[in-house]
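To start, the structure itself, in structure tokens.
The values are calculated or read from the model by the stated rules, or taken from the named source; none is laboratory data. Note that this is a predicted model, so its numbers are computed, not measured. Methodologically, a virtual Cβ is constructed for each residue, glycine included, from the backbone with ideal geometry; neighbour enumeration extends over all protein chains shown.
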Amino acid sequence: MAMLPFILCCAVLEQFTASLPEPSFESFSVRLLSVVHTPQGELTALAQATFQAPDKYREEASMSFGNIVTVRNGDLSWGANPRGVLELNPDQHQRTVERTYRNYLGLLWAVRAGKVEAEEMEKATIRLRVEGLEMVAVFDEASGRLLEISMPGLSLAGVPVTEKRAFSKFDVETGLPMKVDVFHDDALSAEITIKDWKLGVSSPEGFFDRPENTGAEP
């Protein structure tokens, strides 16, 4: 079956677009605490991701060894750490593009904006494609909430894996998840606790420009 604009495909995606009380948004930010499981032990990061439609994204993470900033501004993207700043190569840029759509609100925005093609696989399970990223999404049929997405990913060591993100602990008022568990090839890789979501955020001028060397906490 060919992939179609979601409105021609799947009723559950219409429920997904209506699951957020906010009628429309063109920007958002999320603050989170991530605990990553590595062979050497747990790695904790405080992070904030900010999106501005249609194609700007900035993620700042504070870790024990320093701060990391990743920025996308249209067709350009950069990575910054205490050692310096680099313009990302095409593969790295694509992975930065995909960060928006691995995010619950980022994917919801893309569906509402008509950027997503969809193919119904089975009840409440949809194959989605957006900006070169293909994923399988599972929804709660009654509420339209997104429960999990699976797609190609990379481990911390750069090894290709199947990444699954499971969303849970949905806030009663906003309908947004406050917990995300990340699995690599079915093994728990990271546990993410959402501190808060903000819609309609205003970012200062130059926020999505090439970042400077890191050092300050997000």
| field | Count of region 159-187 residues which are at pLDDT 95 or above and surrounded by 13 or more Cβ atoms within 10 Å (Cβ to Cβ) | value | 18
| field | In region 90-118, the residues that are assigned to a strand (DSSP E or B) and surrounded by fewer than 18 Cβ atoms within 10 Å (Cβ to Cβ) | value | Glu117
| said: If Arg72 satisfies all but one of (1) in contact (Cβ under 8 Å) with a residue 40 or more places away in the chain; (2) of a type outside the set (S, T, N, Q); (3) outside any strand (DSSP E or B); (4) touching a Phe, Trp or Tyr at 6+ places or on another chain (Cβ under 8 Å), what's the number of the condition it fails? | reply: (3)
| When you go through (1) free of Cβ contacts under 8 Å to residues at least 60 places away in the same chain; (2) touching a Leu at 6+ places or on another chain (Cβ under 9 Å); (3) surrounded by fewer than 18 Cβ atoms within 10 Å (Cβ to Cβ) one by one for Leu156, which number turns out not to apply? | (1)
| field | Any hit, region 210-217, residues being without any contact (Cβ under 8 Å) to a residue 40 or more places away in the chain and farther than 25 Å from Thr17 by Cα | value | no
| query | Of the residues that sit in region 95-118 and are under 15 Å from the mean Cα position of the chain (by Cα) and small (Gly, Ala, Ser), which one is farthest from Glu148 (Cα to Cα)? | reply | Ala110
| Answer residue from region 76-89, given it is in contact with a Gly (Cβ under 9 Å, 6 or more places away or on another chain) and outside any loop (DSSP other than H, G, I, E, B) and is modelled with the lowest pLDDT among those | Asn81
| task | Specify which of the listed residues (Met135, Met121) is of a type outside the set (Asp, Glu), assigned to a strand (DSSP E or B) and more than 18 Å from the chain's Cα centre (by Cα). | result | Met121
| Do you know which residues across region 138-153 are free of Cβ contacts under 8 Å to residues at least 60 places away in the same chain, among the hydrophobic types (A, V, I, L, M, F, W, C) and either assigned to a strand (DSSP E or B) or surrounded by 18 or more Cβ atoms within 10 Å (Cβ to Cβ) (or both)? | Val138, Leu147, Ile149, Met151
| message | For region 174-186, which positions are without any contact (Cβ under 8 Å) to a residue 60 or more places away in the chain and of a type outside the set (Val, Ile, Thr)? | response | Met178, Lys179, Asp181, Phe183, His184, Asp185, Asp186
